[in-house]
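Everything below concerns the one structure shown next.
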Amino acid sequence: AALMFATLLIANRGEIVARVARTARRMGIATVAIASDADRGAPYLATCDHAVSIGGERAVDSYLRIDAVIAAAVASGAEAIHPGYGFLSENAAFADAVQAAGKVWIGPPPEAMRTLGDKSSARQRMRAAGVPVLPGYDGLGQDPATLRREALRLGFPLMVKAVAGGGGRGMRLVDSEAALDAALVSAAAEAGAAFGDMRLLLERALARARHVEIQVFADAHGHVIHLGERDCSLQRRHQKLVEEAPSPAVSPALRRRIGEVAVAVAREVGYRGAGTVEFLLDRDGAFWFIEMNTRLQVEHAVTEALVGVDLVEWQLRVAAGESLPLGQDEALARFEAGGHAIEARLCAEDTAHGDLPQSGRIARWQAPGDVRVDHALASGAVVPPFYDSMLAKLVASAATRDEARTRLAHALDRTVCLGVTTNRGFLARLLRSPAFAAGEIDTGFLARDVSARDAPSPSWLEALCAAAAALLPRRALPPLFSGWSSSPRLDLTVPLRVDSATSAWRLTGTRDDVHAAREGVAHRIVDLRRIEGAAGDQGFDVEAVVDGRPVRAVGCVDGDAIRWLADGIELDAVDARLRGARRDTPAAAGLLLAPMHGRVVAIEVEPGARVEVGALLLVIEAMKMEHAVRAPLGGTVAALHVRTGDQVATRQPLVEVAP
């Protein structure tokens with residue numbers, strides 16, 4: 001059937017725009033992207049036929065402005081709007097505005113979105129329909145005394161949740177009565193800031209439960225089906241990190257039971273389009289409804305890999321009035337014969353330091369070739385500090401879970417994303433961990449097991465970097481590193497700074513057989529050579545035999561550092577002779593530097609104020625996360641270098657505390 005729209009505006013940014021545009025192009029539909037001021041020139045804009053600027057940098061001034069998005073659709077002549085995920089995708093007022101403007105809304109009916117977007121009313125509606133719902137409190141009374149009384153009735157541990165929430169915002173796990181009051185205050189404040197709604201609900205927390213969700217789809221002709229489950233139990237800060245299908249904990253019989261409940265949820269609210277019904281699954285096979293997400297999920301690619309369909313195409317066709325192309329039996333048969341698929345979310349985060357979001361310029365990007373990678377990245381692209389930290393999704397599918405897991409870990413080893421700190425290595429270590437390999441995970445796993453956060457920094461890679469800096473000709477490495485040698489015999493020293501430590505590597509031997517040594521450590525590097533034409537202008541690739549083992553390393557020059565990736569391990573090295581004294585080293589322990597790019601949202605002290613160790617000084621917000629900056633020592637606030645509302649860069653001075 002002919003589609004009723006020829007041009008589609010994608011009301012989002014980044015990789016989901018590229019993902020939706022790919023399907024639209026294949027279907028012959030023209031696409032329009034929108035861009036905030038921070039995203040001018042971003043790679044995702046080139047994946048669409050047209051782009052419209054909507055101004056602003058922060059989301060509240062751009063992607064969350066309904067009037068600006070509708071104006072862009074009108075100006076571009078777009079006949080339909082796809083919201084992607086995040087931003088306005090679950091905003092019923094936005095869906096109303098799209099339809100009021102005479103545009104086709106690629107999403108469910110606004111009435112269904114309203115029912116399901118309010119977590120309290122969704123719980124009440126589902127409980128009345130016989131859907132299993134966790135014991136909790138979802139009443140109108142929101143005063144502290146009522147919430148406290150209901151929490152004590154439920155017992156601990158319990159979850160405090162924002163009624164209008166999503167993405168882990170306004171959510172707190174409370175283990176004891178002592179932590180309750182602070183959790184209620186902070187959850188309400190975060191919910192108010194994120195959603196303009198401070199209402200909370202309470203739910204019993206399950207120990208060692210899994211997060212299992214069912215992909216449902218409905219058309220306008222009364223057909224509602226599900227396409228199996230996804231296991232999303234690997235989470236940090238209540239946000240998903242790794243998703244897989246099928247779930248290691250779901251049998252075919254349980255899949256049918258939980259799938260039937262998910263279909264009943266969709267029917268109960270008159271649903272249409274793509275949706276995901278989320279459940280907590282206990283170890284004994286009991287399951288409880290959490291919420292329904294009224295949009296396409298980040299992890300939809302996992303289901304596509306198993307069922308062999310394009311869910312964005314389904315969204316567009318259902319919105320155009322067509323029927324679902326598959327019935328329930330065929331969809332389930334495909335899912336159960338589809339093998340296994342696992343997705344990992346590549347995020348700009350520092351996993352070694354509390355998952356702090358990162359921003360900045362990607363010096364070199366190169367996707368691995370043998371798995372699906374949904375991204376909108378390029379070498380030189382800038383990761384702004386204003387939005388979510390997710391950069392890309394990598395999806396591996398295979399006949400077995402173990403094959404898919406191994407393929408994805410290998411792909412992450414070869415994913416080149418240098419210049420901005422990411423969780424790439426952490427994800428690869430996580431996939432290789434014994435617990436994940438055995439399928440023994442739950443929503444609390446990452447909070448308990450921190451072993452994968454320890455990133456290796458092997459001396460052999462430092463030795464290789466020192467040898468490459470000294471020996472490779474300058475067309476391979478720009479003349480940033482001095483000391484290049486064409487002599488047949490070697491005897492020179494290269495001081496490398498890695499992190500904050502400087503090591504003097506003494507290189508002896510010949511150009512083809514280097515002995516690299518520093519205090520008590522030695523490595524032999526043979527046949528070091530640059531691979532011609534491997535990396536274009538963005539970097540360099542080298543090969544060598546290190547301690548008898550063949551190694552291939554990729555790298556790039558980024559400012560005064562050379563960034564390396566070899567065997568899945570990243571290393572940033574600086575020639576200490578060139579850089580001299582670091583300008584951003586704190587002059588004293590009391591000078592606090594910004595841990596990330598972000599915006600100062602609160603300052604709690606004034607110059608001259610006395611503070612104790614651990615006192616809250618200020619709060620920085622970046623990528624939907626707040627970070628508290630606390631006093632490292634007791635003393636007096638000697639200077640404030642920022643004001644509320646300031647944008648700060650990583651390592652920018654914030655405040656000085658004099659002991």
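The values are calculated or read from the model by the stated rules, or taken from the named source; none is laboratory data. If you're wondering where the values come from, they're calculated on a predicted model, not measured in any experiment. As a convention, Cβ positions derive from the backbone with ideal geometry for all residues, glycine included, and neighbour counts pool all protein chains shown. Side chains are part of the model used for accessible areas, which takes the heavy atoms of the whole protein and leaves out ligands, DNA and RNA. Shrake-Rupley method; radii C 1.70, N 1.55, O 1.52, S 1.80 Å.
Numerical summary
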quantity: Meets criteria (in contact with a helix residue (DSSP H, G or I) (Cβ under 8 Å, 6 or more places away or on another chain) and more than 20 Å from ARG448 (Cβ to Cβ)) for GLN235; calculated: no
quantity: Near pairs, Cβ below 9 angstrom, 6+ apart or cross-chain, from the range 101-128 (within 19 Å of ASP67 (Cβ to Cβ) and among the charged types (D, E, K, R)) to any residue that is open to solvent by less than 10 Å² (accessible area, probe 1.4 Å) and assigned to a helix (DSSP H, G or I); calculated: LYS103/ALA73
quantity: Test for THR23: is it hydroxyl-bearing (Ser, Thr, Tyr) and open to solvent by less than 10 Å² (accessible area, probe 1.4 Å); calculated: yes
quantity: Pair list, Cβ under 8 Å, 6 or more apart: the range 28-53 residue within 19 Å of ALA392 (Cα to Cα) and among the polar types (S, T, N, Q), other residue modelled with pLDDT of 95 or more and in a loop (DSSP other than H, G, I, E, B); calculated: THR47/ALA376
quantity: So VAL104, is it in contact with a Phe, Trp or Tyr (Cβ under 9 Å, 6 or more places away or on another chain), over 25 Å from ALA194 (Cβ atoms) and either open to solvent by 10 Å² or more (accessible area, probe 1.4 Å) or not charged (D, E, K, R) (or both); calculated: yes
quantity: Close pairs (8 angstrom Cβ cut-off, 6 or more residues apart or separate chains): within 29 Å of ALA92 (Cα to Cα) and basic (Lys, Arg) in the range 165-183, open to solvent by 30 Å² or more (accessible area, probe 1.4 Å) and part of a loop (DSSP other than H, G, I, E, B) anywhere; calculated: ARG169/LYS624
quantity: All helices (runs of 4 or more DSSP H) inside the range 290-344 with 3 or more residues being among the small types (Gly, Ala, Ser); calculated: 328-337
quantity: Selection count, the range 311-321, where residues are touching a helix residue (DSSP H, G or I) at 6+ places or on another chain (Cβ under 9 Å) and either open to solvent by 30 Å² or more (accessible area, probe 1.4 Å) or among the small types (Gly, Ala, Ser) (or both); calculated: 1
quantity: Answer from LEU206, LEU200, LEU234 - the residue that is farther than 25 Å from GLU304 by Cα and modelled with pLDDT of 95 or more; calculated: LEU200
quantity: Test: residue in the range 330-338 that is in contact with a Phe, Trp or Tyr (Cβ under 9 Å, 6 or more places away or on another chain) and at pLDDT 95 or above; calculated: yes
quantity: Per-region count, the range 502-529, residues open to solvent by less than 60 Å² (accessible area, probe 1.4 Å) and modelled with pLDDT under 90; calculated: 0
quantity: Some residue of the range 70-91 being in contact with an Asp or Glu (Cβ under 9 Å, 6 or more places away or on another chain), among the aliphatic types (A, V, I, L, M), open to solvent by 10 Å² or more (accessible area, probe 1.4 Å) and at pLDDT 95 or above; calculated: no
quantity: Boolean, MET4 is modelled with pLDDT under 95 and either of a type in the set (A, V, I, L, M, F, W, C) or surrounded by fewer than 24 Cβ atoms within 10 Å (Cβ to Cβ) (or both); calculated: yes
quantity: Restricting the range 396-445 to residues that are β-branched (Val, Ile, Thr) and farther than 22 Å from GLN239 by Cβ, the residue that is surrounded by the fewest Cβ atoms within 10 Å (Cβ to Cβ); calculated: THR400
quantity: Residue within the range 336-356 that is open to solvent by 30 Å² or more (accessible area, probe 1.4 Å), among the acidic types (Asp, Glu) and free of Cβ contacts under 8 Å to residues at least 12 places away in the same chain present; calculated: no
quantity: Selected residue (criterion: nearest to PHE195 (Cα to Cα)) from residues of the range 592-610 that are open to solvent by 10 Å² or more (accessible area, probe 1.4 Å) and β-branched (Val, Ile, Thr); calculated: VAL601
quantity: Candidate set from the range 485-501 (those that are more than 13 Å from CYS465 (Cα to Cα) and assigned to a strand (DSSP E or B)); member that is most open to solvent (accessible area, probe 1.4 Å); calculated: ARG489
quantity: Complete set of residues in the range 90-125 that are of a type in the set (A, V, I, L, M, F, W, C) and either at positive phi or over 30 Å from the mean Cα position of the chain (by Cα) (or both); calculated: ALA100, ALA101
quantity: Which numbered condition THR636 misses (of (1) assigned to a loop (DSSP other than H, G, I, E, B); (2) hydroxyl-bearing (Ser, Thr, Tyr); (3) modelled with pLDDT of 90 or more); calculated: (1)
quantity: ASP374 in contact with a helix residue (DSSP H, G or I) (Cβ under 9 Å, 6 or more places away or on another chain), within 27 Å of ALA305 (Cβ to Cβ) and modelled with pLDDT under 95; calculated: no
quantity: Any hit, the range 268-279, residues being over 22 Å from MET27 (Cα atoms), touching a Pro at 6+ places or on another chain (Cβ under 7 Å), touching a residue at least 12 places away in the same chain (Cβ under 8 Å) and surrounded by fewer than 24 Cβ atoms within 10 Å (Cβ to Cβ); calculated: yes
quantity: Complete set of residues in the range 611-628 that are β-branched (Val, Ile, Thr), under 17 Å from HIS597 (Cβ atoms) and either touching a Ser or Thr at 6+ places or on another chain (Cβ under 8 Å) or open to solvent by less than 10 Å² (accessible area, probe 1.4 Å) (or both); calculated: ILE620
quantity: Filter result for PHE195 (among the hydrophobic types (A, V, I, L, M, F, W, C), open to solvent by 40 Å² or more (accessible area, probe 1.4 Å) and within 26 Å of LEU234 (Cβ to Cβ)); calculated: yes
quantity: Yes/no for PHE386 being buried (at least 20 other Cβ atoms within 10 Å of the Cβ) and at pLDDT below 95; calculated: yes
quantity: Single unsatisfied condition, ASP138 versus (1) in contact with a Lys or Arg (Cβ under 8 Å, 6 or more places away or on another chain); (2) more than 19 Å from PHE279 (Cβ to Cβ); (3) open to solvent by less than 30 Å² (accessible area, probe 1.4 Å); calculated: (2)
quantity: Those residues of the range 280-292 which are open to solvent by 10 Å² or more (accessible area, probe 1.4 Å) and in contact (Cβ under 8 Å) with a residue 40 or more places away in the chain, in sequence order; calculated: LEU280, ASP282, ARG283, ALA286, PHE287, TRP288, ILE290, GLU291
